[in-house]
Structures are given as structure tokens and as C-alpha cells.
Amino acid sequence: MSAAADWFEDDRLWVESYPTMFPEPSFETARREVDSILELAGCRHGRLLDLACGPGRHAVPLALRGFEVTGVDRSRFLLEKARAYGEAEGVALELLELDMRELSRPSDFDLALCMFSSFGLFDDEADNRRVLENVHRSLAPGGTFVVDVMGKEILARIYQPTASTDLGNGRIFVQRRRVRDAWTRMEMDWLFLEGETVRYAQTLRHFIYSGRELRDMLRAAGFANVAIHGNLRGDPYGPEATRLVAVARKR
């Protein structure tokens, strides 16, 4: 297994997990989510930053809405998927193979997104704070940042130490999960089995946040009017929440 600190830089992980993480129906789901994202953000046009954009599930539909979209990801494989998706839909995207810790384009964007639990990936918590500060700096005055993660409270409710998925053709995807550091981080082993052979294995680790922790981090990064929701529809973050969605605005 690769070192957990750099797991997201291993493109083979994304190649192996792509059919599981990004099945075709997930692209249609993302298209529907765009309406909710824009409603929460109160933004209908302008320049948009999609952090950890992956294969462009949200970036491309937003470009189709007329946004000037910049997508950032560390995976060349996923960026190529996003580029192909954009070309198939007839839209142009600015796609950057870049570590989100290094992005800083002062006042360049009206709306920023970080979807699908892509925040909190770095081993050093200071790096995660740096991401928020970079986004704040990169937003124009009045700009909005939407963050979508699996909240700590939700994870505590649904936690299972092991899960498996039959991928067909004799392949099985196994996840082994462990809570670390007093519910500060989640550590996961991903194993792709083919028959009796481990085809590929990787250890993932990321920070997990409660609603209050994420709100406080965004405020500390300079954001104002941070609202916390339990899904992209804007429902309250309570016992029935399915996601932790923060909407933060720059003064």
C-alpha cells in the first residue's frame, strides 16, 4: 500500500476506482444538483472555481449554464475525463493539474465549489486551513464558497467498519474503515480483489468535521455569513441530514 499522506496523488487509484466512484448515473445526479447549488449560492453567472473537479460532473453542467469554469485536480487521469466530457458537451473548461494548496488567484472567481468530500484530504490540518484561505483570497468581494462533505455526525450515525461491493466479472471492492484521533480523522483501506488476488490496494486518510468545526474553520479563513445545511436542498443540518453542506460568503 502507498503512504497514506500522498494517496490522492496515485492515479492508479482513480483508474481502478473510477467505475465505482463515478458510475454513469452519478453524472445525471450532478446535473440535477447544479440547480440546488446555484439556489443555495444565489449566483447565476460569472467565473467559477471547482476544486477537486474530478471528471467534471459539476463543472461541465455549470459551463453549459454559461459559467466560465476553472477546474482544479491533482489527477491527470480525472482531468482527461473532464476534458473529454466538456468536449462531448461542446463547452470549454480551464483545467489545471494542480494541488489545491497552491491555488491563489486573487479576486478571480464569483463562485467556488468543493464537492464530494474533497475537503480535508491533507495530513497536516494547517494545509486544510490554507485551502480555505486560498479560496477566500481567490473569490471576488461578495463571492460564495460551497463545501460538500460527509459530516462527522452523519458518519457516527451510519458508521460500518467494513463494506464490500461486487463489481462483476469476478471483481470485488472492499472498504475497511477506522476512526482515528478521537473522531478527528477517518482512515480507509480500499482493496480491489480479482478472484483470490488483490489487484490493487490503497490506504486513504482524511479529516472529518462536525457542522460547528467546518463553520468555525470557514469563519477563521475570513468568510462571513456561513450557513450550514443537511443537504444541497438547504434542509437543516439535523438528525435527518445526509450531507454537511456549508455556504460561506466573502464580505
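The values are calculated or read from the model by the stated rules, or taken from the named source; none is laboratory data. Just so it is clear, the model here is predicted, and its values are computed rather than measured. So basically every Cβ, Gly included, is an ideal-geometry build from the backbone, and we count neighbours across all protein chains shown. For the accessible areas, the whole protein counts, side chains as well, though only heavy atoms, and no ligand, DNA or RNA atoms are used. Shrake-Rupley method; radii C 1.70, N 1.55, O 1.52, S 1.80 Å.
The Cα center of the stretch 23-54 and the Cα center of the stretch 126-200 differ in position by 20 Å. Between 0 and 90 degrees, the angle of helix 125-138 with respect to the longest Cα principal axis of the chain falls at about 40 degrees. Note on the stretch 172-212: the C-alpha convex hull projects to 3.3 nm² when averaged across all orientations.
The local environment of Trp14, defined by Cβ-Cβ distances under 12 Å, has a net charge of -2 under the rule Lys, Arg +1 and Asp, Glu -1.
For the stretch 5-132, report the % of Cα-Cα distances exceeding 18 Å. Counting every Cα pair in the stretch 5-132, those more than 18 Å apart make up 52 percent. Near Gly143, the amide H atoms lying under 5 Å from its own belong to Lys250; only residues 5 or more places off or on other chains count, and H is placed 1.01 Å from N.
Stokes-Einstein diffusion for the chain at 25 °C, viscosity 0.890 mPa s, with a Kirkwood radius from C-alpha pairs, works out to 132 µm²/s. For the chain, the longest principal axis of the Cα atoms and the long axis of helix 211-220 meet at an angle of about 50 degrees.
Summarising the overall dimensions of the stretch 9-75 from its C-alpha atoms, the Rg and Dmax are 12.8, 37 angstrom. The sum of -39500 (n - 2.57) across all DSSP H runs of n ≥ 4, divided by the residue count of the chain, sets its helix-only mean residue ellipticity at 222 nm to -10000 deg cm²/dmol. Relative to the longest principal axis of the Cα atoms of the chain, the long axis of helix 76-89 lies at roughly 60 degrees. If you roll a 1.4 Å probe over the chain with all protein chains in place, what percent of the accessible area is carbon or sulfur? Within the chain, the accessible surface is 48 percent carbon and sulfur. Within the shell of other residues whose beta carbon sits under 14 angstrom from the beta carbon of Pro141, the net charge comes to +3, with Lys and Arg scored +1 and Asp and Glu -1.
Normalising the Debye intensity of the stretch 135-232 to I(0), with uniform scatterers on Cα atoms only, and taking log10 at q = 0.17 Å⁻¹ returns -0.86.
Net charge of the neighbourhood of Glu89, taken over other residues with C-beta under 14 Å away and scored Lys/Arg +1, Asp/Glu -1, is +3.
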